[in-house]
Amino acid sequence: MDNDDPCHSGPEGGRILVDTSNSAECNLVEFQTIFHDWMPGGTPDEAAGLSVVSVDMHANENKKGHNTNKYKNTNLIVRRNQEFTISIKLSRPFNEHQDNVQVEFLIGTKPDVNKGTYNIVSIGKEKRDGRWKGRVVNTQDNEVAVGITPDSSCIVGRFRTFVVVVSDMGKQRTERNPDTDVYVLFNPWDPADQVYMEKDEDRQEYVLNDVGIIYNGDYDNVTSRSWNYGQFEQGVLDACLLVMDVGKVPLVFRGNATQVARQAAALMNVQNDNGVLVGNWSSDYSDGTAPTAWTGSPEILLKYARKGGTPVCFAQCWVFAGVLNTFVRCLGMPVRVITNYCSAHDNTGNLMTDIVLDEAGRVNKGKTKDSVWNYHCWNEVYMKRLDLPPQYSGWQVIDSTPQETSDGLYRCGPTSVNAIKEGEISYQFDARFVFAELNSDVIYYQSDKYGKRKVIYVDPTYVGKLVLTKKLNSSEYEDITSNYKYPEGTLEEREAMDLAESRGVPTRNNLAPAASGLDIEVQADVVKMGDNFKLTMNLKNLTTKKCTIHTTLTGCVVYYTGVISSFFKFDNDEVTVESLQTETLKIDVRAMEYMPYLVEQSNLMFVVYGRTDDLEVSLSKMKVVTLLPPDLTLRVIGTPQVGKDLMISVEFLNPFNYILENVQLRLDGPDLIQTKMKTYRQIFPGGTIKYKESIIPKALGKKTLMACLDCNTLRQVNNEVVIEVLNATDN
């Protein structure tokens, strides 16, 4: 494959590229050398008396019809397989039967008709059709209106536009003019496009919505944060094209949604290339911005572009997913962010996540290498899979959080959600890995003093507990677990697992079954950081014999990835339970026990080991408690109107007995305010900050204002408010 040097450009025809030798303007010399007889300028054909005076791309009018008018970009932006109209002013009236005019659209350094990087639209006496279609819409005086339709599989990117007058004396081209460059995007409004989406309400949510909600917390205490996708913000489209240029994505890939999605998953992370974001799970973010401090994608993408393709520090899964969502929506593809609760990782697709306990039933940190993430965020992009059977089109998983390599790069997908549900993991790309994230068994082992292990319990239901995404036209979540898996224990679930095993997933028949005769439920109420609380254990005797249940509780502070940071509690109890009865055991958990050890997103993991000598049965259960951060108050003062000053107020009280240092406060919101940051050196215990800022809404409708407060000892403090912006003339 000829890996054509990519070229798009920035507002000045390519000047934001890292290597300016790849830019459109710097390569004009090469282009002119290849097409030496099509040089701009020269002596007009006196006999024909025809030359180009000006070209009007009618950017504003065309953008409305192409659903691209939200992009804050003065150039024309259109969608594939949809006509747009330009006007060419000539030195005299155009004669369709005698004159010959061509409009050229070029991308890259080596324009080639066969590769779709050089497109000619002819009007006049020598009209011929290429990949792009053209027609004369009308003529008036010296002006001719030309309708142009890019093909449905056109390369997505920024094309340079030239108009050529062809006569017996040769060809006269217009000068290079970045103002006539045209961006071509995917078209989910058109059935011929690979990313066509039938319902308009879906397109409004998954293509045009520039603010989203990303879910976190844990499966029985779902929390969320708003995210500014900002795909229409000034400079973001050029930044997204730059990402592909720096990543050396071949131009021939850029018309194929499957390839663009797959390349995008690799381009968001820094592994193996100069991707957009540097992942960091170390808790040390002194060289950059903490993942929890970001409020949206534009700040990240524009910083990446401004520094010439230098990766931005730092990200974790929801940041990767948020920026990937912006990238894909900006190019015109439908996409959404997904959260999978209790997501298995580091299991190499073997459907086993191992938790090792010592002889006393406490978690052995040194021997527990696998982890179950409280939640993990990835993306789904909607497309027709031209390389798969029809039933596997639709939503496709892509994941840019670096976990495992795929074809040499850290990326995942696209892989069909429908295929995952059915257990059909033989199709590309990376279906086996995604299937394992949703369907792994948690295997509890007990290790004796000699290091010998035995399986004490298998929990087949813990992983993939809940899969969520933002609901259409709502701030609520939609439970889409059933899109990925059949209910546990059903015939369909068994058939899907059988098919997965026939496709290479290791069989699990040799594992010990779940314990019978004994069950333990672990519960906790919603807990705020710094609060004392009670952990409730319901001990169930499912047999007809009375028994004594011995329990060992391990309390750990963990990262949201399930990796243990430190232990803070061990507790042993025994309870006698009558046959077919349940006894409740309550364990006090005090703030002074866990607060000194908190990390990152303030997650506590409790592992309970229960055994009964009477029944010779043992089992283990795991429960994660996500501590809620203190409140951040966000208020709007006044009536929101387009172009009018509006006051906003942010307040925060430090409820802890220690000083918060180097606190960052971010404000963000499309059409309201560009990302603004304020830093507070210290907030003392019981101290309050009150910050006011004047903003000027730029567009009508519902807008989301976001605020985020972050420092080393306190993460995930955020809030948002939806503002209905009115016309300045409205009451």
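Rounded to the nearest 20 debye, the dipole size of the chain about its Cα centre is 820 debye, using +1 on the Cβ of Lys and Arg and -1 on the Cβ of Asp and Glu. A simple charge model with +1 on the Cβ of Lys and Arg, -1 on the Cβ of Asp and Glu and nothing else charged puts the dipole of segment 141-284 at about 620 debye relative to its Cα centre. Assign one of three labels to segment 300-406, namely rounded, prolate or oblate, based on the Cα gyration tensor with a ≥ b ≥ c the square roots of its eigenvalues; rounded applies when a/c is under 1.5, prolate when it is not and a/b is larger than b/c, and oblate otherwise. It is oblate, given that a/c is not under 1.5 and a/b is not larger than b/c. Based on the Cβ-Cβ distance of Tyr285 and Asn69, what FRET efficiency does E = 1/(1 + (r/R0)^6) give at R0 = 35 Å, to the nearest 0.05? Efficiency for this residue pair is about 0.35.
Note on segment 680-731: percent of Cα-Cα distances in each 10 Å bin, starting at 0 and stopping at the bin with the largest distance, equals 17, 40, 24, 15, 4. Distance between the pseudo-spin-label points of Asp141 and Ala360 (7 Å out from Cα toward the beta carbon): 9.3 nm. Each Lys and Arg contributes +1 and each Asp and Glu -1, all at the Cβ; summed about the Cα centre of segment 631-679, the dipole is approximately 100 debye. Each principal axis of the Cα atoms in segment 603-710 has its own extent, and those three values, largest first, are 75, 36, 20 angstrom. Expressed in nm to one decimal, what extension gain is obtained for the pair Thr713 and Ile659 from 0.36 nm per residue of sequence separation less their Cα-Cα distance? Using 0.36 nm per residue and subtracting the Cα-Cα distance, I get 18.5 nm. Between segment 192-253 and segment 621-669, the C-alpha centres lie 25 angstrom from each other. For the listed peptides 56-69, 310-323, a ranking on the average number of other beta carbons within 10 Å per residue, highest first, reads 310-323, 56-69. Once you reduce segment 419-490 and segment 537-559 to the center of their Cα atoms, the two points are 24 Å from each other.
Using a probe radius of 1.4 Å on heavy atoms only, what accessible surface per residue do you get for segment 625-697? Whole Å² is fine. Per residue, segment 625-697 has an accessible area of 49 Å². Sorted largest first, the principal axis extents computed over the alpha-carbon atoms of segment 206-320 equal 45, 33, 26 Å. Keeping all protein chains in place, calculate the accessible area per residue for segment 558-605 (probe 1.4 angstrom), answer in Å². Computed with neighbouring chains in place, this is 49 Å² per residue. Were the residues from Lys528 through Thr584 laid out at 0.36 nm apart, the gain over their Cα-Cα distance would be 17.8 nm.
Bridging of Lys369 to lysines at a Cα separation below 27 Å is possible for Lys449, Lys452, Lys454, Lys465, Lys485, Lys569, Lys621, Lys623, once same-chain residues fewer than 8 apart are set aside.
If the Kirkwood radius is taken over C-alpha pairs of segment 143-204, then at 10 °C and 1.306 mPa s the Stokes-Einstein diffusion coefficient equals 109 µm²/s. Annotation for segment 81-164: GluC sites (Glu not before Pro) lying in DSSP loop with at most 15 further Cβ atoms inside 10 Å of their Cβ are Glu96, Glu126. Considering only Ile723, Leu351, Ser371, and ranking their Cα positions along the charge dipole of the chain that arises from unit charges at the beta-carbon of Lys, Arg, Asp and Glu, the one farthest toward the positive end is Ile723.
Heavy-atom surface analysis with a 1.4 Å probe gives segment 376-480 a carbon and sulfur content of 44 percent of its accessible area.
With contributions of -39500 (n - 2.57) from each DSSP H run of at least four residues, the per-residue ellipticity at 222 nm computed over the chain stands at -3500 deg cm²/dmol. Of the GluC sites (Glu not before Pro) found in segment 353-434, those in coil by DSSP whose Cβ has at most 10 other Cβ atoms within 10 Å are Glu359. Legend: calculated FRET efficiency, Val599 to Leu491, from the Cβ-Cβ distance at R0 = 45 Å, rounded to 0.05, equals 0.55. Using heavy atoms of the protein chains and a probe of 1.4 Å, the accessible area assigned to Leu331 is about 0 Å². One quarter of the convex hull surface built on the alpha carbon atoms of the chain amounts to 35.8 nm², the projected area averaged over directions. For segment 151-296, with all protein chains in place and a probe radius of 1.4 Å, 41% of the accessible heavy-atom surface sits on carbon or sulfur. Largest to smallest in accessible area, the residues Phe570, Phe162 fall in the order Phe570, Phe162 (1.4 Å probe, all protein chains included). If R0 is 30 Å, what FRET efficiency do you get for Leu208 and Asp273 from their C-beta distance, rounded to 0.05? The calculated FRET efficiency here is 0.50.
Would you kindly give the portion of the calculated P(r) for segment 536-676 that falls above 21 Å, as a percent of all Cα pairs? The answer is 62 percent, as a whole percent. Counted residue by residue at 0.36 nm each, then reduced by the alpha carbon distance between them, the extension gain from Gln259 to Lys449 reaches 63.2 nm. Restricting the GluC sites (Glu not before Pro) of segment 171-211 to loop positions (DSSP other than H, G, I, E, B) with no more than 13 neighbouring Cβ atoms within 10 Å leaves Glu175, Glu198. Per residue, segment 181-227 exposes 31 Å² of accessible surface when a 1.4 Å probe is rolled over the protein heavy atoms with every protein chain present.
Among the protein heavy atoms of segment 592-700, carbon and sulfur supply 48% of the accessible surface, probe 1.4 Å, non-protein parts ignored. When peptides 621-629, 336-344, 362-370, 445-453 are ranked by their average number of other Cβ atoms within 10 Å per residue, the highest-first order is 336-344, 621-629, 362-370, 445-453.
The values are calculated or read from the model by the stated rules, or taken from the named source; none is laboratory data. Owing to the predicted nature of the structure, the values given are computational and were not obtained by experimental measurement. Cβ: placed from backbone, ideal geometry, glycine included. Neighbour counts: every protein chain shown. The protein model used for the area step is the full one, side chains on, heavy atoms only, and it has no ligands, DNA or RNA in it. Shrake-Rupley method; radii C 1.70, N 1.55, O 1.52, S 1.80 Å.
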